[in-house]
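Take a look at the structure below.
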Amino acid sequence: MQTRPSRVYLPKFDSAPPTIFEYLLARFPQVQASVWRARVLEGQLTLSDGTTIREDSPYRHGITVFYRKQVQCEPPSLEEPLIVYRDDEILVVHKPHGMPVTPSGEHNERSLFIRLLRSTGLPDLGPVHRLDRDTAGLLLFTIKLGARSHYHRLFAEGRVEREYVAVARITGHLEGTHWRVENRLEPGEPWYRQRIAEGPVNSITEIALVELQSGFGLFRLFPKSGRKHQLRVHMTSIGCPIFGDPFYPAIVEKREGDPPLQLLSKRLAFIDPLTGESRVFDSPKKLALCDALQFRRL
């Protein structure tokens, strides 16, 4: 089955790069310039009208570039995704740790989206929301194009109850067992990290400590917004960075045998916009303090 091409929208900048090629180099620093150049020479970069992009094609905001990824050697998947629920309109799947939702970097065929396209044969399948590659847990997909906007609106309007579970290191004295973290998150340094900034609140998380043992805690997290790395930054801000996090509070190099990020999207609940029924989905996977304590001893 031929998969749909990847796409990237060209936003408006006060000082835009002169060419589309230069924007792609800056937008995807993990992809070598030689790879983009080869795609250009082979005619693999196009616009929606089929126009082929050249290396000197000028940057124009408001258009979309389409391309197909070619990865020579992808890292193996350590765990298979698990379909939790499926009907005529939606599919709910448990995503393993370390698997990106959509093609990214070295992961194309092994991304969750491509794997589901191939295993289900559903040509219009599409994710309604996102999880970080490092985060495991539940994801909602729509099966038909006409239903997608209805389920997107649930997340955009905050009408989905989301519960996460995390195991975190306790780095200081805890003030209570419940927190409501409200702040503003903006892109930080390097570009893939987030930082707490001054300004209007755009991220809210409610946090509850469930269990405490040997310097580690088991937490329930209830995000009220959906900013990038929100839970990871908010847990760090209360002195409880999530165990296995390579980005917060500091960047660390992951080594073979290191634990995955101990963060799990455990529960999704909402009123179905098409049927009016109450929907509740729980991940079959669990996080436990004993697993973190075992990793710490290795």
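For the reader, a short list of remarks on this structure follows.
- Lys254 fulfils the conditions (1) farther than 19 Å from Ser203 by Cα; (2) crowded, with 18+ Cβ neighbours inside 10 Å except for a single criterion, (2).
- Given (1) assigned to a loop (DSSP other than H, G, I, E, B); (2) hydrophobic (A, V, I, L, M, F, W, C); (3) at pLDDT below 95, number of the condition Cys290 does not satisfy: (1)
- Residue list for segment 268-291, restricted to those being out of contact with any Leu (no Cβ under 7 Å at 6 or more places or on another chain) and of a type in the set (D, E, K, R): Asp272, Glu277, Arg279, Asp282, Lys286, Asp291
- The lone exception for Phe222 - which of (1) surrounded by 17 or more Cβ atoms within 10 Å (Cβ to Cβ); (2) farther than 20 Å from Val252 by Cβ; (3) among the aromatic types (Phe, Trp, Tyr) it fails: (1)
- Residue satisfying condition, being over 30 Å from Arg27 (Cβ atoms), polar (S, T, N, Q) and surrounded by 16 or more Cβ atoms within 10 Å (Cβ to Cβ), within set Ser214, Ser283, Ser265: Ser283
- Restricting the first member to segment 11-28 and to residues that are outside the structural domain of Ile63 (by TED's automatic domain parsing) and at pLDDT 85 or above, and the second to residues that are part of a loop (DSSP other than H, G, I, E, B) and surrounded by fewer than 16 Cβ atoms within 10 Å (Cβ to Cβ), no beta-carbon pair is closer than 6 Å while six or more apart or on different chains.
- Residue within segment 167-182 that is small (Gly, Ala, Ser), more than 30 Å from Ile90 (Cβ to Cβ) and modelled with pLDDT of 95 or more present: yes
- In segment 37-56, the residues that are outside any loop (DSSP other than H, G, I, E, B), within 20 Å of Thr102 (Cβ to Cβ) and at pLDDT 85 or above: Thr46
- Breaking point among (1) farther than 30 Å from Ser265 by Cα; (2) modelled with pLDDT of 75 or more, for Gln2: (2)
- When restricted to residues that are part of a loop (DSSP other than H, G, I, E, B) and under 21 Å from the mean Cα position of the chain (by Cα), segment 263-287 contains 5.
- Under the condition of being under 27 Å from Arg27 (Cβ atoms) and surrounded by fewer than 18 Cβ atoms within 10 Å (Cβ to Cβ), the residues counted in segment 177-211 number 16.
The values are calculated or read from the model by the stated rules, or taken from the named source; none is laboratory data. All of these numbers come straight from a predicted model, not from anything done at the bench. No Cβ is skipped: glycine too gets one built from the backbone with ideal geometry, and neighbour counts run over all protein chains shown.
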